[in-house]
Amino acid sequence: MANYHVLSTKLLSPQQYLTFKTNKILLTHYPSIKIVPNQAAKLPANIEHAIITSQNSFKAIKDKTNIKKAYVVGEKTATLLEMAGISVICWKHYAVDLLEEIIAKHQDAHFYFPCSSIRRDTIPEGLKQNNIKFTEVTAYHTSLNPKSFETDFDAILFFSPSGVNSYLQKNQLKSDVLAFCIGTTTAQALKTHTQNIIIAEKPTVEELIATVIKYFKHKITKNNKQSPY
C-alpha cells in the first residue's frame, strides 16, 4: 500500500514509475506540455556554432543540419550531442551560466540559437546586450496541455516554467502540497503561488526523482519513530 501520492507534470519512464512504486509512493503522471517540431524552420546545411538549451531543440533540428560546435544547457543534452558526434565546447546546468561562458570566451563567434516558440529571454537578450551575433530559429512549438485534478496530492513535480503555467491554468497549489522543481528557473515560476518548494541539487529528471524519494523516505522513517505502536 502506498504511503504518499505524487503528481508528475511530465510522463516518466516505466523504470522511473517502478522506482516510486518500490518506495511505496503512488505516482500519477501526465504531459503538461506538448512539443511539435517546426517543419518550416530554415537552417543552413552546416552550423559552426550552435547554442542548444534542451534535448527538444536538438531533436527538432538534428536531421536538418550538421552542427560542428555546440554550447549546451544540461548534462543529458550535452551527452546526447556527444553521442551524435558533435563537439560540445562547454555545457552548464543553467542558461545564465552558459551565457556568462559565451560572453567571457566566445564573443567573436556567430551563433545559431534553435529554441522553443515560447523560449525565455535569458540567452537572446544577453547576446544582444553584449553585441554577440546570433541567428534565432524557432525549432519547435510548445503548447500547454492543461488538465484538472480533483485528487489531493502530497507533492507535485515540475520540470519547466511552461509545465508550471499549464498546471496552474486548471489547478491551484494548496498550501500543504509540496512543489518539487527540477531547477531554479522552474522554481522561480512558482514563487508567487507557493513558498513550499524543494529544488533538486542538479537539474536532471533523475536527481529530482531521487530528491522526492529521499524526502518521503525520511518522512516515513520519522513518522515510524514517533508512532507509539
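The values are calculated or read from the model by the stated rules, or taken from the named source; none is laboratory data. Owing to the predicted nature of the structure, the values given are computational and were not obtained by experimental measurement. Cβ coordinates were reconstructed from backbone atoms using ideal geometry, including for glycine residues, and neighbour counts include every protein chain displayed.
Does Gly74 meet the test of being crowded, with 19+ Cβ neighbours inside 10 Å and either under 21 Å from the mean Cα position of the chain (by Cα) or at pLDDT below 95 (or both)? For Gly74, the condition - crowded, with 19+ Cβ neighbours inside 10 Å and either under 21 Å from the mean Cα position of the chain (by Cα) or at pLDDT below 95 (or both) - is met. On the basis of being touching a residue at least 24 places away in the same chain (Cβ under 8 Å) and more than 30 Å from Thr138 (Cα to Cα), does Val36 make the cut? Criteria not met by Val36. With respect to Lys42, determine if the residue is touching a strand residue (DSSP E or B) at 6+ places or on another chain (Cβ under 8 Å), in a helix (DSSP H, G or I) and closer than 14 Å to Pro114 by Cα. So Lys42 fails the test. Take the conditions (1) over 23 Å from Ala95 (Cβ atoms); (2) within 15 Å of the chain's Cα centre (by Cα); (3) not hydrophobic (A, V, I, L, M, F, W, C); Gln188 misses just one of them, which is (1). Just for segment 27-42: of the residues that are of a type outside the set (Gly, Ala, Ser) and touching a Phe, Trp or Tyr at 6+ places or on another chain (Cβ under 7 Å), which one is farthest from Lys133 (Cα to Cα)? This residue is Leu27.
Just so you know, in segment 174-190 the residues that are part of a loop (DSSP other than H, G, I, E, B) and either of a type in the set (Gly, Ala, Ser) or at pLDDT 95 or above (or both) include one that is surrounded by the fewest Cβ atoms within 10 Å (Cβ to Cβ), and it is Ser175.
Ile86 - would you say it is buried (at least 16 other Cβ atoms within 10 Å of the Cβ), among the β-branched types (Val, Ile, Thr) and farther than 21 Å from Thr184 by Cβ? Yes.
Residue-wise test of (1) closer than 28 Å to Glu201 by Cβ; (2) among the hydroxyl-bearing types (Ser, Thr, Tyr); (3) without any contact (Cβ under 8 Å) to a residue 12 or more places away in the chain.
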residue	(1), (2), (3)
His49	no, no, no
Ile61	no, no, no
Tyr71	yes, yes, no
Leu80	yes, no, no
Ile86	yes, no, no
Ile102	yes, no, no
Phe111	no, no, no
Thr135	no, yes, no
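Taking the conditions (1) farther than 14 Å from Ser32 by Cβ; (2) in contact (Cβ under 8 Å) with a residue 24 or more places away in the chain; (3) small (Gly, Ala, Ser) in turn, Ala210 satisfies each one other than (2). Tallying residues that are farther than 26 Å from Ala40 by Cα and surrounded by 13 or more Cβ atoms within 10 Å (Cβ to Cβ) within segment 98-113 yields 7. The single condition among (1) closer than 30 Å to Leu7 by Cβ; (2) outside any loop (DSSP other than H, G, I, E, B) that Lys68 does not satisfy is (1).
For Thr53, are the conditions met, namely being modelled with pLDDT of 95 or more, buried (at least 16 other Cβ atoms within 10 Å of the Cβ), hydroxyl-bearing (Ser, Thr, Tyr) and touching a Phe, Trp or Tyr at 6+ places or on another chain (Cβ under 7 Å)? No. Yes or no: Lys21 in a helix (DSSP H, G or I), closer than 30 Å to Tyr4 by Cβ and assigned by TED's automatic domain parsing to the domain that holds Val212? It is true that Lys21 is in a helix (DSSP H, G or I), closer than 30 Å to Tyr4 by Cβ and assigned by TED's automatic domain parsing to the domain that holds Val212.
Looking only at segment 206-229, filter to residues that are of a type in the set (D, E, K, R) and at pLDDT 95 or above; which one of those is surrounded by the most Cβ atoms within 10 Å (Cβ to Cβ)? The qualifying residue surrounded by the most Cβ atoms within 10 Å (Cβ to Cβ) is Glu207.
Listed by position, the strands (runs of 3 or more DSSP E) contained in segment 99-173 that have at least 1 residues being more than 21 Å from Thr185 (Cα to Cα) and at pLDDT 95 or above are 111-116, 134-144.
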